[in-house]
Amino acid sequence: MAAYFRVFLSAVTSEFGAARDAVANDLQARDLQLRVQRSFRQEPGADTLLRLLHDYIRECSAVVCMIGRRNGACPSPTAAAAFAHLLPPGITEASYTQWEFFFARAYKRRLSLYIAAADYPPDRDAPTGDDFPELQAAFIRHIKTEGLHYVSFSNRDQLRAEVLKEPWPEERRAKPIVLPYASLGNLFKGREAFLRRLRQSLTRANGGATAIVSKALYGMGGIGKTRAAVEYAWAHREDYTALLLAQADSPEELRRYLAGLAGPLLLAEREVAEEEVRLNAVLSWLGANPGWLLILDNVDAPPALAEANRLMGRLAGGHVLLTDRFARQVEPLEIDVLSREAAAAFLVEATDSRRRKAADDDAAAGELADELGRLALALEQAAATIEKLRCGLRRYLEIWQSNRERAVGWARPEITGYHHAVAATWQTSVDQLTEAGRHLLERLAFLAPDPVPMFLLDVAVPDAEAEDQYGALADLAAVSLVTREIEGERFSVHRLVQDVTRRSLDSGALRQRVTETLGWVNAAFTGDPEDVRSWARLDPLTPHAQSVTQWADAAGIAESTARLMSQLGTLLYTKSLHAQAEPLFRRALAIDEASFGPSHPEVSRDLNNLAELLRATNRLTEAEPLIRRALMIDEVSLGPDHPAVAVRLNVLGLLLRDTNRLAEAEPLWRRALAISEATFGPDDRTVAIHLNNFAELLRTTNRLAEAEPLYHRALAINEASFGPDHPTVANCLNNLALLLQGANRLAEAEPLYRRALAIDEASLGPEHPTVGTLLNNLAALLGDAGRPAEAAPLMRRVVAILTDFERRTGHSHPRRGAALRQYAHLLTAMGKSEAEIKAAIASLTAERGARAP
C-alpha cells in the first residue's frame, strides 16, 4: 500500500459531503488511494480519532482541504494535548478539520486549499452537531495571513474541475480486486488440502484460464464456503488478472452485482444509469481480459444458478467459483467442517494476544471446537468475543453452553438448515454487545445482505432513542458480527447472522425493529430519484430499500412503506427498469388506498406514477383512466389551482398527445403552465416542464414562431437550475432542434442534437430509450441533409435499443417498426441491394434475439 499516492480529503460533511464524495470518485478514477475522516471512526483498537488522523496524514502524500463557514466538532482537550506542539504560535484550539490542515502543514504534506465562496450552497441547511463559527473565521484569517495559495469555488462542479487541474500522478493500474475481506493468513487453518484439490480441479481441464471452468463449493450454512473461496483467491492472486466476487441469491441480485463491477474495473460505462449497459460492459471486459477469477456467492436458488449459467455461457477465459448449500449441476466440491486439530489451533492462535491463558488451553480449545461444530463462522465469532471479553477458553465455553439452551427453541437445525452452534455462538456474541449494538444488529437484519453504505449511520432512526451508531458498529465489529471493507465506506453483515438475528426476535420485537428500520432507510432515501445527481446516494441504498419494504409490507406496516416503494419505483422507472418498478408502483397504490381511502392525494400520486409507467410501456388505454382519476382526486381535495393538479394535467396532456388528440391536450397544458407560473414564478424548473410541453404541442401543430421562444425560455431555466450537462437540458436541446429541423434550419439543429446526445449517453447510458430517441432524430436530420452513410449506423443503434426495450418489458414499442423501415430506407439511399438490406435487418434482429419484422 505504501507505493500508492495516498490522498486525504478534509471536509465538513454537513457542508461539503456531496462535493467531497464527487471529488473522491474523480481521484479514485486516477487510481489514487483516498481516505476521509469518517474512514477512521471504526478502526479496532483505536486510541483516539485525532491520533488516527495524525498517523495517516503524517504518512500520506497529499491533503485536499475543502473550507467553508463550518468547522464541525472539536476533539477533547485530552486528545488534543498530545499534538499541541504541532499548532502554530497563536493557535490554541482547533476542530478536527482544522487539525487535518495543521497536521499536513507540520509534516510538509502536499496541501491543496479550496475555500467556498459566499454563494456556495451547503448540503444541509444547518450543522448536524457542534460548530464554532468564530473559530472557523479565525482559521480562514490564519490561512490568508500566512499568504497560502487557495482557490475559491461556488459549486461542486467548479470544485471538481479545479481539483482535477492539479498535477496528480498517473499511477500504474492496479489489478482489479473486489473481495469482501482480507486473508486470514496463518489463521486460515485446515483447508490446505482442499485448496490444492480446488486448484487442481480448476486447472486440469485446460492447463490455464483459456475457457470457462466452473466449480461449486457446497456445504451447510456457516461452514466457511465464502471464506474458502476468498482465501483461494488471495492464495492465487498472482495467477489471475482480476479477483472478483458477486452475490447471487437471485437472478436480479446477480445481475446487479455484476453490473456494479463496472466501477472497480474503471469502465467507461461505470456512471451509466442503465444496469443492462453496465452488465454488458463488465461481460465484455471479462471476455477481453482472460485469466480472471469470479466468485459467485450464495447461488442457492435454482433460478440464480440458471442465470449464472446463462451469463457465464457468454464468456471464455476465466475461472468461476460458485458457493452453494447444495450440490447442483455445476461440478461440485464439497467442503466439510474443519478438523478438530485445525479448529482448536485457530482458537488458540486467534486469541493469543488477549485471552486469559491457562495450562489446559489446548484441551479446552478442542472441547470448544467440538461444541462449535468446527464451523468457520462460529469459530471466528467465538475468537472475536473471547478477545473482547479477555476471558479464558474454558470461561467462554461455560458462557457458550448456557446460551445453547436459550437458542434451542428458535434455531433448530431441521428448521433453519444450519448447525445449532451458529445460533448459540451468535447468542454468546450478542450478550457482549451494548444496547445500542444490539439495536443496530437487529435493524441490519432487515436490510439486504449487500454492503451497507457508512453514511446510513449518519441518519438518525426516527422515533427511536438517539444512539451512537458508529460506536454501535464498532461494538458489532469487535465480535465479528459485521465485516468492514479494508478501504472504503461500506460494511457488511453475513446473511446467516441476519437470519439468526431475525429468528431470535419475538413477534413484538420483530415488528418494532422492522418499523424502525423502515423509517431509518426512508429517512436516508433523500433527493429526487428522477435527478441523476441524486443517484450516487440512492443507488447504494436501493437493495436495502427493497428488502425492508418487503419485510414491512409482510408485517402489514403501511406508514412509510408506500412512500419508500414509490420513491424506489421512481428511481427504477427513471433508469428504464420498468419491470422492477411496476410492482412497486402497484403495491404502493394498494397500500395507500387501504390506508387513506380511494380519494386521497397520496393515492393520486400513486395513480400518476403508474400511469406514467404504463404510458412509457405503450399501454395507453390502461394509463388514461388512472391519470384522469388522479386529476379528479386532486382537483376535489386540493383545489383546481394546486401545483399537483398541474402535474396531473401535464401527464394527461402527454397521453392525449400520444393518441393524437392534440386539440384536447392544448387547453390542459395552457392551464398547467398558468398554475405553475402563478405558484412558483416565471423562472422555476417546474414552469420549464410546462413551457417545454406546450411548445411541443405548438411545434406539432406547425406554430413554430409561437413555439421557439418557449423552447428558448425553458432551456435557459433548466441550464440555470441543473447546469449545462443535465438530462433535462438535453431534452430541451432535442426539442428545440426538432423545431429548427422542421423549419429547415439544419445547420443550427445538428449541434443541438449532438450536444443532447453526448449529455444523455454520459448520464443515462448509450442504450437508454431516451438516447434512442436522440439517435433517431439525428439520423433523420442527416438523412434530410443527404448524408445516409452517417445516418444508417445511428439508425441501426435505434433499432437495437428499441428491441432491447421490448425484450426487457415484454411490450411492443410503437416506433420499432418505423425505425426498421427508416433503416432500410437509409440503406437504399446508400445504394444497397434488396438482398443486402434484408441480410442487414436479419442480422440485427438475430443478434438481439428479437422477432423478425
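The values are calculated or read from the model by the stated rules, or taken from the named source; none is laboratory data. For clarity, every value in this text was computed on a predicted model and none was experimentally measured. Don't worry about glycine lacking a Cβ; one is built from the backbone with ideal geometry, like all the others, and counts go over all protein chains shown. Calculation scope for accessible area: heavy atoms of the full protein, side chains included, ligands and nucleic acids excluded. Shrake-Rupley method; radii C 1.70, N 1.55, O 1.52, S 1.80 Å.
Calculated FRET efficiency, residue 539 and residue 359, Cβ-Cβ r, R0 60 Å, to nearest 0.05? Show your work: numbers first, answer last.
Working: r = 55 Å, r/R0 = 0.91.
Once the sixth-power term is evaluated, E becomes 0.65.
Once fully extended, how much extra length lies between residue 460 and residue 662, figured as 0.36 nm per residue of separation less the alpha-carbon to alpha-carbon distance?
Details: separation 202, 0.36 × 202 = 72.72 nm, distance 4.91 nm.
My answer for the length gained is 67.8 nm.
What is the sum of charges around residue 640, taking Lys and Arg as +1, Asp and Glu as -1, for the other residues whose C-beta is under 10 Å from the C-beta of residue 640? For residues surrounding residue 640, the net value is -2.
Nearest 500 deg cm²/dmol is fine: what mean residue ellipticity at 222 nm does the chain get from its DSSP H runs of n ≥ 4 alone, each adding -39,500 (n - 2.57), divided by its residue count?
Calculated at 222 nm, the ellipticity per residue is -18500 deg cm²/dmol.
Approximating the spin labels as points 7 Å out from Cα along Cα→Cβ, the residue 789-to-residue 199 distance works out to 5.6 nm.
Mind ranking 553, 725 by accessible surface for me, highest first, 1.4 Å probe?
Values: 553 40, 725 110 Å².
Order by accessible area, largest first: 725, 553.
Structural descriptor for segment 595-710: relative contact order 17 percent, calculated from alpha carbon pairs under 8 angstrom and at least 6 residues apart. Taking every alpha-carbon pair under 8 Å whose residues sit at least 6 apart, segment 512-646 reaches a relative contact order of 16 percent.
Can you give the % of DSSP beta bridges in the chain that are antiparallel, to the nearest 5?
Numbers: 4 of 42 bridges.
Of the beta bridges lying entirely in the chain, close to 10 percent run antiparallel.
Ordered by packing density, taken as the mean number of other Cβ atoms within 10 Å over each peptide's residues, highest first, how do 514-521, 532-539 rank?
Numbers: 514-521: 23.6, 532-539: 17.4.
Top of the packing list down: 514-521, 532-539.
With the highest mean first, a sort of the peptides 7-19, 446-458 on other beta-carbon atoms found within 10 angstrom per residue produces 7-19, 446-458.
The modelled label-to-label distance between residue 134 and residue 110, using points 7 Å beyond Cα along the C-beta direction, is 3.9 nm.
In a reduced charge model with +1 at each Lys and Arg Cβ and -1 at each Asp and Glu Cβ, segment 440-557 shows a dipole moment near 380 debye about its Cα centre. Across the options 627, 662, 84, the greatest Cα extent toward the positive end of the charge dipole of the chain (unit charges at beta carbon of Lys, Arg, Asp, Glu) belongs to 662.
Rounded to the nearest percent, how much of the accessible area of the chain (1.4 Å probe, protein heavy atoms only) is carbon and sulfur?
Details: 18040 of 35270 Å².
So the carbon and sulfur contribution to the accessible surface is 51 percent.
Go through 323, 614, 27 and say which Cα lies farthest out towards the positive end of the charge dipole of the chain; charges sit on Cβ, +1 for Lys and Arg, -1 for Asp and Glu. My answer, from the dipole projection, is 323. Placing unit charges on the Cβ atoms only, positive for Lys and Arg and negative for Asp and Glu, gives segment 623-743 a dipole magnitude near 280 debye about its Cα centre.
If you line up the long axis of helix 340-350 against the longest principal axis of the chain, both from Cα atoms, how many degrees apart are they, to the nearest 10? For 340-350 against the chain, the angle is about 80 degrees. Put a dot 7 Å past the Cα of residue 349, heading toward its Cβ, do the same for residue 55, and the two dots end up 2.4 nm apart.
Solvent exposure of segment 298-400 amounts to 41 Å² per residue of accessible area, where only protein heavy atoms count and the probe is 1.4 Å. A 1.4 Å probe run over the protein chains yields, for segment 587-693, 41 Å² of accessible area per residue, whole-number rounding. Would you please state which residues of segment 436-473 a label at residue 554 would reach in this model, taking the label point 7 Å out along Cα→Cβ and a backbone N cut-off of under 14 Å? Residues 445-449 fall inside that zone.
Think of each Lys and Arg Cβ as +1 and each Asp and Glu Cβ as -1; about the Cα centre, that makes the dipole of the chain roughly 1800 debye. Here the relative contact order of the chain, from alpha carbon pairs under 8 Å that lie six or more residues apart, stands at 7 percent. Taking a straight line from the alpha carbon of residue 189, these lysines sit under 18 Å away, with near neighbours fewer than eight places off in the same chain left out: 225.
Counting only protein chain heavy atoms and rolling a 1.4 Å probe, the accessible areas of 621, 526, 542 rank, largest first, as 621, 526, 542. For segment 438-569, the per residue solvent-accessible surface stands at 35 Å², with DNA, RNA and ligands left out and a 1.4 Å probe. What the Cβ-Cβ distance of residue 301 and residue 743 gives, at R0 = 56 Å and to the nearest 0.05, is a FRET efficiency of 0.50. Between residue 73 and residue 266, the FRET efficiency estimated from the beta carbon spacing at R0 = 35 angstrom works out to 0.50.
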